[in-house]
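The values are calculated or read from the model by the stated rules, or taken from the named source; none is laboratory data. Quantities reported herein were computed from a predicted structural model and do not represent experimental measurements. Cβ atoms come from the backbone with ideal geometry, glycine included; neighbour counts cover every protein chain shown. Remember, those area values only see protein heavy atoms, side chains included, never the ligands or the DNA or RNA. Shrake-Rupley method; radii C 1.70, N 1.55, O 1.52, S 1.80 Å.
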Amino acid sequence: MTHLLTMAPLAGHDPLAPLAGAADLADSVVFLSPSERLVGQGIGDQAGPAETDPDPARRVAHLLEAARRAGRAPVVMGAIPFDPSGRSRLVVPRRLDRLSPACWQAALQRLPGPPAPPRLLRSHPRPDPDGYRRAVENGLARIADGELAKLVLARSLDLEVADPIDPCRVLTALIRRHPGSLLYSVPLPAEDGREAGVFLGASPELLVRKAGGRVFANPLAGSIAASPDPAENARRIERLLASGKDRHEHAFAAHAVVETLRPFCRTIELPATPGVVAAGPIIHLSTPIVGELRAPWASALDMALALHPTPAVGGTPTAGAVAAIAELEGFDRGLYAGMVGWCDAAGDGEWAVSLRCAEIRGNRARLFAGAGIVDGSRPEAELEETATKLKTMLTALGLSAAEPTAPGF
Ligand SMILES: C=C(O[C@@H]1C=C(C(=O)O)C=C[C@H]1O)C(=O)O
């Protein structure tokens, strides 16, 4: 990416304003990864044909063309839902800043502290724990029938707190706790009777990154709760690496990613064994994948759309799993388990799987978490795994799962 501004010299412009609490996150878009740190400001006026076109690639092309005409940096940022034909949140910020690693280190000093623990008024899990166990049992029956080999079942948690939530403090709490994750905040308009807000999170999972002629991906699947005790944590990592059920669950995602990327590549390899990645309260099996692209290089977005939904958020076979998810989950995933990131007119870009996230609107937050079901999965363990994954956002909101006020999830 060559056309982005670095810490902009413009008088009166503060590239960090949305992260420092000096500009509204609802008028900004943020994507921070170990490779790129992008902060866009001024997104106010962007609803239009691109919002309603069911093809995300056409939506992005439309926005890039509009950016070119308006003389803006041709970079589209935002989120595409789990159902990519649904409402995406894609924008071309009026001002875009790319923060260098040195700027970023200095910037961290300016971030506000975590939110004060809010007073929880109501919490509503969907499905409730019994409903989720039943959905997993149903999924296991379909796996036993041979209809499916893997299925990812998720649930959502609606929270209402006494005062409006400050999304900036929630995002900066995530930044401090998850510096190696892909961190994001995307504005949400008022819709379906709900007020405007933001969609934000800290995803450990890179769907795809393209930089010049190279492509990177990092499928995750197969998880265990982390322990605060280092010796116990090390034992859990050994247990995860040795778990046949988790290795089987992981293999679906890793194979699918390599096989989907292979036609785009001159060279690509699947590492023989997965490693692990720690993501706050949870540890995942992880396979980093690198490929050399075949000319003409496909764009990051084309590859992201080809990969989505990977078996890490959908299942195997894909179409059957997506149909089972619609039938068994009983809520709309919206932007959860879709993709969030950026792409430019040269085809470079980076897209994370939209995980460990929440929609925050006023004094309400909707959280999401899912778990992969394969032969050998146990409903109670999968329920616990989703509760562990929810902790990432609960902690950032100041609602630690250990507190007596914690929601009954
Ligand atoms: C579905 C989620 O996470 C995905 C599922 C995982 C699993 O089942 O082990 C692990 C990481 C993610 O690929 C989620 O965080 O909601």
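Things worth noting here:
- A simple spin-label model places the labels of Ala225 and Arg122 2.9 nm from each other, with each point 7 Å out along Cα-to-Cβ.
- Solvent-accessible heavy-atom area per residue, rounded to whole Å², over the chain at 1.4 Å: 40 Å²
- Coarse-grained scattering of region 16-106 at q = 0.17, 0.20 Å⁻¹, given as base-10 log I(q)/I(0) from a Debye sum over alpha-carbon atoms: -0.75, -0.98
- For region 55-147: rounded, prolate or oblate by the Cα gyration tensor [a/c cutoff 1.5]: oblate
- Gaussian network model of the chain, Cα within-10 Å springs - most flexible of Pro118, Pro263, Pro379: Pro263
- Residue among Leu151, Leu111, Leu207 with the largest mean-square fluctuation in a Gaussian network model of the chain, springs linking Cα atoms under 10 Å: Leu111
- Pairwise FRET efficiency - His13 versus Glu65, Cβ, R0 = 25 Å, nearest 0.05: 0.45
- Loop-located GluC sites (Glu not before Pro) in region 217-325 (DSSP state not H, G, I, E or B) with no more than 12 neighbouring Cβ atoms inside 10 Å: Glu269.
- ³J(HN,Hα) computed for each position of region 142-147 - Karplus, 6.51 cos²θ - 1.76 cosθ + 1.60, integer Hz, glycine/proline x: 5, 6, 4, 5, x, 5
- Compactness of region 97-182 is given as radius of gyration and Dmax, 20.0, 56 Å, from Cα positions.
- Net charge of neighbours whose Cβ lies under 12 Å from the Cβ of Arg177, counting Lys and Arg as +1 and Asp and Glu as -1: +3
- Global geometry of region 191-253, whether rounded, prolate or oblate, following the gyration tensor of its Cα atoms and the 1.5 cut on a/c: oblate
- For Gly86, no residue has an amide H sitting under 5 Å from its own, ignoring neighbours fewer than 5 places away on the same chain, with H placed 1.01 Å from N.
- For the chain, a Gaussian network of Cα nodes joined below 10 Å ranks Leu25, Leu157, Leu121 by mean-square fluctuation, and the top entry is Leu121.
- Heavy-atom surface analysis with a 1.4 Å probe gives the chain a carbon and sulfur content of 54 percent of its accessible area.
- Both radii come from the Cα set of the chain: Rg as radius of gyration, Rh as Kirkwood radius; their ratio Rg/Rh reads 0.94.
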